[in-house]
Amino acid sequence: MGKHEKLLLKIISGTSDANIRFEELRELLKSLGFAERIRGSHHIFRRDEVAEKINLQEEGNKAKPYQVKQVRNIIVKYKLGGRADV
């Protein structure tokens, strides 16, 4: 199991939203096909098949917990996890 798969499982489980590293979350979104645009401290991710945009901001070296929850909801809603149960 690769690092993206481990992070994906960690996000889907929802048990450690406050302990997700910002850079790891950025890399995961890129690997899921999201395009990144940076405007100041905002990292905005878009994907053609996804209606919502994801707006991330770094808090120290961690992602903000509520933003990790938003990412989880989008991954589950659009079944971006690559598995039948995600």
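So the values come out like this:
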quantity: First in region 17-34 and in contact (Cβ under 8 Å) with a residue 12 or more places away in the chain and within 18 Å of Glu59 (Cα to Cα), second anywhere and surrounded by 14 or more Cβ atoms within 10 Å (Cβ to Cβ) and aliphatic (A, V, I, L, M), Cβ under 6 Å, 6 or more apart; calculated: Asp17/Val68; Ile20/Ala63; Ile20/Val68; Phe22/Ala63; Glu24/Leu7; Leu25/Ala63; Leu28/Leu7
quantity: Subset of region 47-60 [surrounded by 14 or more Cβ atoms within 10 Å (Cβ to Cβ), over 11 Å from the mean Cα position of the chain (by Cα) and within 20 Å of Arg21 (Cα to Cα)]; calculated: Glu58
quantity: Residues within region 12-26 that are surrounded by 14 or more Cβ atoms within 10 Å (Cβ to Cβ) and over 17 Å from Asn55 (Cβ atoms), tallied; calculated: 3
quantity: Region 3-30, residues that are of a type in the set (A, V, I, L, M) and either touching an Asp or Glu at 6+ places or on another chain (Cβ under 8 Å) or under 19 Å from Lys77 (Cα atoms) (or both); calculated: Leu7, Leu8, Leu9, Ile11, Ile12, Leu25, Leu28, Leu29
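Coordinate-derived values only; no laboratory data. These numbers were taken from a predicted model, which means no experiment stands behind them. When we count neighbours, we look across all protein chains shown, and the Cβ atoms used for this are built from the backbone with ideal geometry, even at glycine.
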